[in-house]
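The next block holds one structure in the form of structure tokens; read it before the comments.
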2 protein chains.
Amino acid sequence: MEAETLARTFTALADPTRVAIVARLATGDATVKELTEPFELTQQAVSRHLKVLAEAGLVTRRQEAQARPASLEVERLVEILTWIDARRAEWAARHDRLAEHLRRLG
Amino acid sequence: MEAETLARTFTALADPTRVAIVARLATGDATVKELTEPFELTQQAVSRHLKVLAEAGLVTRRQEAQARPASLEVERLVEILTWIDARRAEWAARHDRLAEHLRRLG
DNA sequence: CCTTTACACAACTGATTGGTTGTGCAAGGC
DNA sequence: GCCTTGCACAACCAATCAGTTGTGTAAAGG
């Protein structure tokens, strides 16, 4: 994944409230109303946070009578997971080579 | 991990340049000078990005003559990885239950 | 010593962010 | 038809951010 796309996803998660919302949505869908109370925010604030998450592709919305429940898009999270694991692997490979080098020397 | 700590880490990665710097550091340590050219930034800009990454614990600096090379702190990345995987697991468990439910019905 | 190298700190600027209040609107219940 | 519910859009505000230029400084080389 390119740096820009990834940064956009990270930007959406660069806020404690949104991180908490994502954690909440992992346990089940929720409406704006349902998120308003626990997070002590106005309905508008929650609505905006969900919009940011939706624009980053971390969340999808659907219509259900007057309500518009939000669903977590786990695919997006997995993309981050994949990227991080790739970096971790590069890092680990480098450190393995270093250890091997030191082993040969000693 | 709490939402706030995690958001701080995500904030550091909420910029394409810093994501690219992290990717670069995964392949080996680098000085400010070495990062300036490929990213077409001033020395000061790179220095600031590294400071943000360091404050988030994603990078450490060390002194080496006049230079101050930056090292990736893979531990921090692993913390993100762990958190995301936990959310993914919750989400998956929920969807398994739903599938089971539908299977029983059908 | 004096210069060069590699870097950090400070002040400034324009853009973005997270929050607010105010308002509008579509879907149901009565 | 009217009221309530659930939500989104718009305007505004203070704070933060990413970048710039300008300047200071510690370490190494001549």
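The values are calculated or read from the model by the stated rules, or taken from the named source; none is laboratory data. Only a predicted model underlies this, so the values are computations on that prediction, with no experimental measurement involved. A quick note on method: Cβ atoms are made from the backbone with ideal geometry, for glycine too, and the neighbour counts reach across all protein chains shown.
Somewhere in the range B:58-67, is a residue touching a Leu at 6+ places or on another chain (Cβ under 8 Å) and part of a helix (DSSP H, G or I)? No, every residue in the range B:58-67 fails to be touching a Leu at 6+ places or on another chain (Cβ under 8 Å) and part of a helix (DSSP H, G or I).
Within the range A:22-37, the residues that satisfy the criterion of being in a helix (DSSP H, G or I), touching a residue at least 12 places away in the same chain (Cβ under 8 Å) and either among the polar types (S, T, N, Q) or at the interface with chain B (Cβ under 9 Å from one of its Cβ atoms) (or both) are A:22, A:25, A:26.
One residue alone among A:88, A:94, A:103, A:18 is at the interface with another protein chain (Cβ under 8 Å from one of its Cβ atoms), at pLDDT below 95 and in a helix (DSSP H, G or I), and that residue is A:94. The single condition among (1) within 12 Å of DNA strand C (Cβ to nearest atom); (2) over 20 Å from residue A:95 (Cα atoms) that residue B:92 does not satisfy is (1). For the condition in a helix (DSSP H, G or I), more than 8 Å from chain A (Cβ to nearest Cβ) and buried (at least 19 other Cβ atoms within 10 Å of the Cβ), residue B:6 does not qualify. Remark: pairs (first residue in the range B:2-15, among the aromatic types (Phe, Trp, Tyr); second residue crowded, with 16+ Cβ neighbours inside 10 Å and part of a helix (DSSP H, G or I); Cβ separation under 6 Å; 6+ apart in sequence or on different chains) = B:10/A:10. Among the residues of the range B:1-58, the ones that are within 12 Å of DNA strand C (Cβ to nearest atom) and among the small types (Gly, Ala, Ser) come to 7 in all.
Hey, among the residues in the range B:44-57 that are more than 8 Å from DNA strand D (Cβ to nearest atom) and part of a helix (DSSP H, G or I), which one's nearest to the chain's Cα centre (by Cα)?
B:53
In summary, residue A:26 fulfils each of the numbered conditions (1) at pLDDT below 95; (2) among the small types (Gly, Ala, Ser); (3) in contact with a strand residue (DSSP E or B) (Cβ under 6 Å, 6 or more places away or on another chain) with the single exception of condition (1).
For the range A:45-68, residues that are away from chain B (no Cβ under 14 Å) and not hydroxyl-bearing (Ser, Thr, Tyr) total 15.
Residue-wise test of (1) over 11 Å from the mean Cα position of the chain (by Cα); (2) surrounded by 12 or more Cβ atoms within 10 Å (Cβ to Cβ); (3) away from DNA strand D (no atom under 15 Å from the Cβ); (4) of a type in the set (A, V, I, L, M, F, W, C).
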position	(1), (2), (3), (4)
B:22	no, yes, no, yes
B:75	no, no, yes, no
B:99	yes, no, yes, yes
B:103	yes, no, yes, no
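Summed over the range A:68-80, the residues that are of a type in the set (Asp, Glu) and assigned to a loop (DSSP other than H, G, I, E, B) give a count of 1.
Residue count for the range B:55-85, restricted to those that are at pLDDT below 95 and among the aromatic types (Phe, Trp, Tyr): 0. Applying the set (1) more than 18 Å from the chain's Cα centre (by Cα); (2) within 14 Å of chain B (Cβ to nearest Cβ); (3) on the phi < 0 side of the Ramachandran plot to residue A:40 leaves exactly one unmet item: (3).
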